[in-house]
Structures are given as structure tokens and as C-alpha cells.
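Structure first, then comments.
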Amino acid sequence: MTMTMTATAALLLVGAAPAPQERVVTGDGIIEVRLNGEPIRLRIDPAAPGMPLVSDAIATQRGFRMGRKLGIGFGFNVGPTLVMSQTQVVRIAYGGGKPEKQRIGWTQRPFAAVADGSIGPGSLPEPVVRFALRPAQAGESTVTMRLEKLGFPMTLFGAGWVAAIGIVDVGGAPMRVRFDPHHARTLATAGAAVRLAQAYDGMLSGEGRATEIFFGVERPVRDLALRRPFRLGALAIDRLGARTGDFGSTAVIRDGDVAAPATDPDEIVVTAKGKKRDMRRDTISLGADQLRHCSSIVFDRNAGLVHLTCAG
């Protein structure tokens, strides 16, 4: 404590400005950072993994290589598809800030085909990251969710693969909320779709359509209509996409079109009596169809909260 206070006082004496506490992200969210002194363009994406994630081509060009002693690889599951990354600690500078050591990753499949890579709000130097989606409007309201806590690997290695996830209650149990303004449609994993259908009288319809999730991976998605809307603050969600075979199965949901396949034909569903389904991966991803009603998403790491401000 004493050392921190002394250093702060010394900075104030020489007129140094305090480190910014909030970053405002506007437009396409693309910023320039420096990795080991060389520039690179990253898109700040609320749905992206926490650590900076670049393409294989950038990693090869910059000579990044996962070390043998402290090499750490992360796996990203998109349904049954596993996208593996390699990682390395580099010196990274955001804007005019001082370079600091940080772990970055690279994958053969880019998280999103934009810029040189993506980064979520969890690894930015500012503790508060505000995504300004559109100008504020009269009559908006803000809903506050707690942020998903980081697990064991994250405490040692930074934000790791974890995206910034809000937690809400659905049917008496927690459900994860991801914020994904760069995809057109709001989607739910199969397990989340089952719970939403049970809680809000849902019904499936239409054929399964191949839909890109992340990393260019496409998964079959069907329409899920809720007779009673799922309310998240000012948002009233009565229609969304259901990922039919990801982290569960939608086969138990009432089907308004029995001729359409309820599950992915390549998915093998195994059930076991007496075992409670793991609901930790049940996730609803708010797409542009819902977030267009919202003016801002604010992630506050210090408080462990995310604030979503929208109009009804």
C-alpha cells in the first residue's frame, strides 16, 4: 500500500495524468495496438475471447512461437468443432500507453474475418469498457447483470479464452448472456433453448439453417417462438434462433413443423437417468436484432458487473 501511494504521489508531482479508467468503443471498434513494437489492427468485440487473438498469418509474419516450458494452448468449442490456439507472452501497447507483457493467441481459423484479430473487453487496460452502440434515447432503462467469474486458469494466465459474459436467471437457474452485435440474429444454445421454451412456452418451426457462430464455424439453427417473451430489462425477446444440437438437444421442445428435423443429423444424443444436465454452458447470444434497441453495453471489471441500456 505504501509503495503504491508513494509512486502515485510522485507521478502527480511531475504532472503525469492518471491512467484512463474507461475506454469508449464506437463504430467498428477497430484500434491499432503494437505487439513487440510493431503495429497491428484489432477489433474490440464484446463477444470475443478476452485475450488478443490474431490469425496464423500474423503469428507467422511476426515470428510468434509457443514456448516449450510455459507453452499454453486454449481450445474454443463451437458445438462439436474444437478450434485450438497457441499462445505466447509479448509486449503490447494500446494507443500511446506503455508496453506491458500480455499473453496473446493465434488460431488457424480467425475468430472474425476482420482486421488482424479480435479482443474482448476483459484484456483491455481500462477497467471500464463502454460500447456506444447508438445515441441515447428518451425512455431508456438499464439492466445490470453480474459478470461471470473467471476460473482457475484465468487467475494465472489473464483473461484466457473467456468472453465477457453476463448472468441472468431463467427458470430459477443461472443462464449466460453473450453480447454479439456483429452477428445479425439472437441465438441460444440447445440447452438454453430448452429452458427458454419451458419457461416461456416456446415452439420450434422451420428447417435447420446453417448459421455462422464464431471462427467461421456454421451450425444448424431453427426458429424458436416464445408465447411469453423473455424480458431482459427493456428488451422483450419473443423470437430467436435455437442451435439444435449444441450443448444439449432441442428434441424435447414442442415442434410446430414435425416434418423438419429437430436435431443435427450428425449429432448423437445420449441421455442418462439420474444425472442432472450440466447447465453451465447454456448461453443466449444477443445479436444485432436485439442490440439495435440498445445505446450502450458497459463492462465494469472492478465491480464485476455489466450494464445494458436499451429502449423498449
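The values are calculated or read from the model by the stated rules, or taken from the named source; none is laboratory data. All of these numbers come straight from a predicted model, not from anything done at the bench. So basically every Cβ, Gly included, is an ideal-geometry build from the backbone, and we count neighbours across all protein chains shown.
Quick one: is residue 9 outside any loop (DSSP other than H, G, I, E, B), modelled with pLDDT under 90, of a type outside the set (S, T, N, Q) and farther than 25 Å from residue 303 by Cβ? Yes: the conditions hold for residue 9. Given the criteria in contact with a Phe, Trp or Tyr (Cβ under 9 Å, 6 or more places away or on another chain) and at pLDDT below 95, does residue 266 qualify? So residue 266 fails the test. Answer yes or no: is there a residue in segment 214-231 that is in a helix (DSSP H, G or I) and over 22 Å from residue 83 (Cα atoms). For segment 214-231, residues in a helix (DSSP H, G or I) and over 22 Å from residue 83 (Cα atoms): absent.
When 250, 309, 271 are checked against the criterion of being modelled with pLDDT of 95 or more and out of contact with any Phe, Trp or Tyr (no Cβ under 7 Å at 6 or more places or on another chain), a single residue qualifies: 309.
Of all residue pairs spaced 6 or more apart or on separate chains, those with beta-carbon atoms under 6 Å, a first member in segment 162-188 that is closer than 24 Å to residue 212 by Cα and a second member that is acidic (Asp, Glu) are 165/148; 167/148; 175/282; 185/289; 186/289.
Against the definition (closer than 30 Å to residue 44 by Cβ, modelled with pLDDT of 95 or more and loosely packed, with under 14 Cβ neighbours inside 10 Å), how does residue 227 come out, yes or no? No; evaluated as a whole, the condition is false for this residue. Please determine, by comparing only the residues of segment 28-58 that are within 18 Å of the chain's Cα centre (by Cα) and surrounded by fewer than 17 Cβ atoms within 10 Å (Cβ to Cβ), which one is farthest from residue 73 (Cα to Cα). Looking at residues that are within 18 Å of the chain's Cα centre (by Cα) and surrounded by fewer than 17 Cβ atoms within 10 Å (Cβ to Cβ), I get 28.
For segment 181-196, state whether one or more residues are farther than 18 Å from residue 283 by Cα and assigned to a loop (DSSP other than H, G, I, E, B). Scanning segment 181-196, I find no residue that is farther than 18 Å from residue 283 by Cα and assigned to a loop (DSSP other than H, G, I, E, B), so the answer is no.
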